[in-house]
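**Student:** Have a look at the structure that comes next, please.
Bear in mind that the values in this text are calculations on the coordinates, not laboratory data. These numbers come from a predicted model, not from an experiment. Note: ideal-geometry Cβ built from the backbone for every residue, glycine included; neighbour counts use all protein chains shown.
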Amino acid sequence: MIYCVIPPELADDLYDKLVEYYKDNPNVEVIVDRRVEERRTDRTGGGNRVVRDRRRARIPGTFPRVRAF
């Protein structure tokens, strides 16, 4: 699903046009953004958010040597 999000200040001009444009594409839904404020209080990272490396740790050791042909 693809969401075509329209800011509220452009909704009056664009919503009907975009709905008509994408009417034959069932994978696109046109919506108006109705958020009124940021969910995070601090724009630099917000609240208690912790950024961490989610990659798996590398297995220690080395690769065995292979013979070149």
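**Student:** Tell me, what ³J(HN,Hα) does each residue in region 58-66 have, in order and in whole Hz, if you take phi through Karplus 6.51 cos²θ - 1.76 cosθ + 1.60 with θ = phi - 60° and put x for Gly and Pro?
**Tutor:** Computed from phi, the couplings for region 58-66 are 6, 6, x, x, 10, 7, x, 6, 10 Hz.
**Student:** Subtracting the Cα-Cα distance from 0.36 nm times the residue separation, let me have the gained length for Asp53 to Val36 in nm, one decimal.
**Tutor:** Numbers: separation 17, 0.36 × 17 = 6.12 nm, distance 3.17 nm.
Using 0.36 nm per residue and subtracting the Cα-Cα distance, I get 2.9 nm.
**Student:** I need the GluC sites (Glu not before Pro) found in region 1-40, filtered to DSSP loop residues with at most 10 other beta carbons within 10 Å of theirs.
**Tutor:** Loop-located and lightly packed - Glu37, Glu38.
**Student:** Any chance you could run the full-extension gain for Met1 through Ala68? It's 0.36 nm times the residue separation minus the Cα-Cα distance, nm to one decimal.
**Tutor:** So the chain would gain 19.3 nm between Met1 and Ala68.
**Student:** I would also like to ask the following. Fully extended, how many nm does the chain gain between Leu14 and Val28 (0.36 nm per residue separation, minus their Cα-Cα distance)? Before the final figure, lay out each step's value.
**Tutor:** Details: separation 14, 0.36 × 14 = 5.04 nm, distance 1.49 nm.
Gain on stretching Leu14 to Val28: 3.5 nm.
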